[in-house]
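**Student:** After the structure tokens below, expect a handful of questions from me.
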């Protein structure tokens, strides 16, 4: 029997015919993350010599060098980076297929991983969860509240199914599908017995002598505040405490004379609810046109949602349709 020359094999079958196996894909994907053969071997529960052998096999199979060595491990070259990226995509696709098969066979059940920045987590996701408990009781919902870059990273690595947030400047928008929702209005808050609640400030100039609690430099809300001050000719406060934690912000506000910008849902949740029970924070009646840029409902452009994830995604979409202003 005559063996078919490698050059005559179709491009579809070439790597498989040369011996490509799932362990090769798992190894190169792990190397793309760790940069070390030993760490990758440990991650895949195999001995380091076995990992080194698989890597040598993989170089033979693709017909190219994949890495160079350095004192702390290895550095994937352009071919190695491309192969690691494709391997991650293929392995994630297999995981998604397995998940969809299981959910299809068992009906609408499974785990849906949702991401959100703070405002839509309270305004949109929370009502959807209450609805889903009734309409889809067998679906478990996991929620991650974080910054948009971390949520985007989570969706790219498969740990988040979809999220509500933003595609920031440092993120390549091509892997995502977005539906714009709207701007995120902000409000300035202080503790309920702050001096500025007894004598309301006329403008931001009356507030700059107090400490301010802001997100870290470069983050969206911090940038929105800095832009607002600059465009209106105000000097930024000199005493700033930086934190991205909402709970830490509220804790600092409640125990000091600091001022902080937060989203309206947070101010509503922790402020005076109008039921006779006073809140622990108060709003300042200034800078009422302060906001952060549009956020969106974001899903992966090249990956289908599982049946359970699609069901919850549709509930979120329906909620957005209900909330959409009527311009008729």
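The values are calculated or read from the model by the stated rules, or taken from the named source; none is laboratory data. As the structure is a computational prediction, the values presented were derived from the model and not from experiment. Cβ placement follows ideal geometry from the backbone for every residue including glycine, while neighbour counts extend to all protein chains displayed.
**Student:** Return the residues of the stretch 162-175 that are closer than 17 Å to residue 305 by Cα and modelled with pLDDT under 95; say none if nothing qualifies.
**Tutor:** As a first pass, look at the stretch 162-175 and keep what is closer than 17 Å to residue 305 by Cα: 162-164, 175.
Answer for the stretch 162-175, where residues must be closer than 17 Å to residue 305 by Cα and modelled with pLDDT under 95: just 175.
**Student:** Would you mind finding the one in 65, 3 that is modelled with pLDDT of 85 or more, more than 25 Å from residue 156 (Cβ to Cβ) and assigned to a loop (DSSP other than H, G, I, E, B)?
**Tutor:** Values: 3 fails: modelled with pLDDT of 85 or more.
The match here is 65.
**Student:** Does any residue of the stretch 18-39 turn out to be in a helix (DSSP H, G or I), in contact (Cβ under 8 Å) with a residue 40 or more places away in the chain and closer than 30 Å to residue 264 by Cα?
**Tutor:** Within the stretch 18-39 (the criterion being in a helix (DSSP H, G or I), in contact (Cβ under 8 Å) with a residue 40 or more places away in the chain and closer than 30 Å to residue 264 by Cα), the answer is no, since none of the residues qualifies.
**Student:** Name the residue that is farthest from the chain's Cα centre (by Cα), counting only residues in the stretch 146-169 that are surrounded by fewer than 20 Cβ atoms within 10 Å (Cβ to Cβ) and outside any loop (DSSP other than H, G, I, E, B).
**Tutor:** Filtering the stretch 146-169 for residues that are surrounded by fewer than 20 Cβ atoms within 10 Å (Cβ to Cβ) and outside any loop (DSSP other than H, G, I, E, B), the one farthest from the chain's Cα centre (by Cα) comes out as 156.
**Student:** Right, here's the next one. Return the total of residues in the stretch 191-207 being in contact with a strand residue (DSSP E or B) (Cβ under 8 Å, 6 or more places away or on another chain) and under 23 Å from residue 233 (Cα atoms). If you could, list the steps in order and put the result at the bottom.
**Tutor:** Pass one, the stretch 191-207, residues in contact with a strand residue (DSSP E or B) (Cβ under 8 Å, 6 or more places away or on another chain): 191-192, 194, 196-197, 207.
Still in the running and under 23 Å from residue 233 (Cα atoms): 196, 207.
Qualifying residue count, the stretch 191-207: 2.
**Student:** Restricting to the stretch 6-17, give me the number of residues that are loosely packed, with under 14 Cβ neighbours inside 10 Å and either at pLDDT below 60 or not in a loop (DSSP other than H, G, I, E, B) (or both).
**Tutor:** Here the count works out to 6.
**Student:** Looking at the stretch 113-145, which of its residues are assigned to a loop (DSSP other than H, G, I, E, B) and surrounded by fewer than 18 Cβ atoms within 10 Å (Cβ to Cβ)? Let's see the steps before the verdict.
**Tutor:** The first filter runs over the stretch 113-145 and keeps only residues assigned to a loop (DSSP other than H, G, I, E, B), leaving 117, 136-138.
137, 138, listed by residue number.
**Student:** Here is a further query. Between residues in the stretch 80-93 that are farther than 11 Å from residue 66 by Cβ and residues that are at pLDDT below 90 and not in a helix (DSSP H, G or I), which pairs lie under 7 Å by C-beta distance while being six or more apart or on different chains?
**Tutor:** 92/158
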